[in-house]
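Comments concern the structure below.
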Amino acid sequence: MKISLIGAGQIGGILAFLAALDRVFSEIILYDVVEGLPQGKALDISHSLSVIGSSSRLKGTNEISEITGSDVIIITAGVARKPNMSRDDLLFTNAKIISDIGTQIKHLAPDSICIVVTNPLDAMSWLMMKKTGFQSNRVVGMAGMLDSGRYSFYLSEKLGVSPVSIEALVLGGHGDDMVPVRHCTNVNGLPISNFLSDDDLEKVEDRVKNAGGEVLKLLQTGSAFFSPAVCAYRMAKAIVFDENLATVASCYLNGEYGLTDIFFGVPCILGKGGVKKVLEINLSEREINQLNLSAERIKKLIEQLRNV
Ligand code: APR
């Protein structure tokens, strides 16, 4: 199986390392426009293959044609935000990059599934679908798994339990207007409201919404990269192994949740072919209003991309 990683920056490099450690992809392509960067990272990881016990073949390259025949492609190419920037500030810079890459993928890897990580995530996923011409199930954005993971972590800290004991759900656009869904969040099956007051939950949820910003503020030089890489890689595996993984991802909506022609963070099933199903759940009026606000923001971004 062949995985291609477009962008060999912070997230791309970790993705290549995760794939090498995992030993399931025979071919790992790391592509970037910066000369030497993908080659250097691929070589560095390759030096550890005998110790890892991995037979994966890594290739770092500046030739996009190397992605030919990929089963799955993860796109992190673009610019990451700096302190005091929102993800939306990256719109036009990254749209140009995603547009070029999407056109290349259409011709070079027409059977691949694309996982988009580049921000602003939901809008970039929409653009990738348009530029590849792929059916909507074959393009998916990585965000909900990460946002839900962040919710699990902050709750686990607050409660003094392991993050793996907590199932948390965050829906909506990948921005500060994302929507943590309390009634679908539990500690080993027990409702989260049994453990925390509404006020305490509100505080945790505010932190979740700003979690990416919290990392950014500490790092100063770029945004989060370990956790986005882990989540994107987990999605890639669910797809190539046809796991039917129930998770949250940015999926194309065609009427679900009352939304059309938009990529948006929703519960879904990932497996062979990409997004097998979008799951619709009952939400409170407050949650629906919050989701609609988030969707309005994404729609405005998408409108600005119609002529890109
Ligand atoms: N083709 C391939 N790679 C490109 C292109 C292009 N046209 N344009 C830029 N790149 C590369 C850059 O050279 C850089 O190596 O994309 C890489 C991006 O890496 P980083 O700047 O380290 O960013 P990273 O932290 O990996 O985040 C990537 O994911 O989470 C989002 O907001 C984040 O949009 C950002 C993306």
| field | Counted residues, the range 19-40 - those being in contact with a Lys or Arg (Cβ under 9 Å, 6 or more places away or on another chain) and either away from the ligand (no atom under 16 Å from the Cβ) or of a type in the set (A, V, I, L, M) (or both) | value | 8
| request: Within the range 10-26, track down each residue that is surrounded by fewer than 24 Cβ atoms within 10 Å (Cβ to Cβ) and either touching a Leu at 6+ places or on another chain (Cβ under 8 Å) or without any contact (Cβ under 8 Å) to a residue 24 or more places away in the chain (or both). | output: Ala20
| Candidates Ala8, Ala16 - the one that is within 14 Å of Ala236 (Cα to Cα), touching a Lys or Arg at 6+ places or on another chain (Cβ under 9 Å) and within 13 Å of the ligand (Cβ to nearest atom) | Ala16
| field | Residue satisfying condition, being more than 17 Å from the chain's Cα centre (by Cα) and crowded, with 17+ Cβ neighbours inside 10 Å, within set Ala249, Ala295 | value | Ala295
| Across the range 153-172, what is the total count of residues that are farther than 15 Å from Pro267 by Cβ and either in a strand (DSSP E or B) or not hydrophobic (A, V, I, L, M, F, W, C) (or both)? | 9
| query | Wholly within the range 51-148, which strands (runs of 3 or more DSSP E) include no fewer than the required count, namely at least 3 residues that are touching a residue at least 40 places away in the same chain (Cβ under 8 Å) and closer than 27 Å to Ala295 by Cβ? | reply | 72-75, 113-116, 139-141
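Quick grid of which residues meet (1) crowded, with 18+ Cβ neighbours inside 10 Å; (2) outside any loop (DSSP other than H, G, I, E, B); (3) of a type in the set (Ser, Thr, Tyr); (4) touching a Lys or Arg at 6+ places or on another chain (Cβ under 8 Å):
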residue	(1), (2), (3), (4)
Asp200	no, yes, no, yes
Val204	yes, yes, no, yes
Ala224	yes, no, no, no
Ala232	yes, yes, no, no
Ala236	yes, yes, no, no
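To keep it simple, each residue is scored yes or no on (1) within 11 Å of the ligand (Cβ to nearest atom); (2) touching a Lys or Arg at 6+ places or on another chain (Cβ under 9 Å); (3) within 22 Å of Leu146 (Cβ to Cβ); (4) acidic (Asp, Glu).
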{"position": "Ala42", "(1), (2), (3), (4)": "no, yes, no, no"}
{"position": "Ser54", "(1), (2), (3), (4)": "no, yes, no, no"}
{"position": "Glu66", "(1), (2), (3), (4)": "no, yes, no, yes"}
{"position": "Gly69", "(1), (2), (3), (4)": "no, yes, no, no"}
{"position": "Lys106", "(1), (2), (3), (4)": "no, yes, no, no"}
{"position": "Val116", "(1), (2), (3), (4)": "yes, no, yes, no"}
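All of the numbers you see were taken from the coordinates with simple rules; none came from a lab. Please read these numbers as outputs of a predicted model, since none were measured by experiment. Glycine gets a Cβ as well: all are built from the backbone with ideal geometry, and neighbour counts include every protein chain shown.
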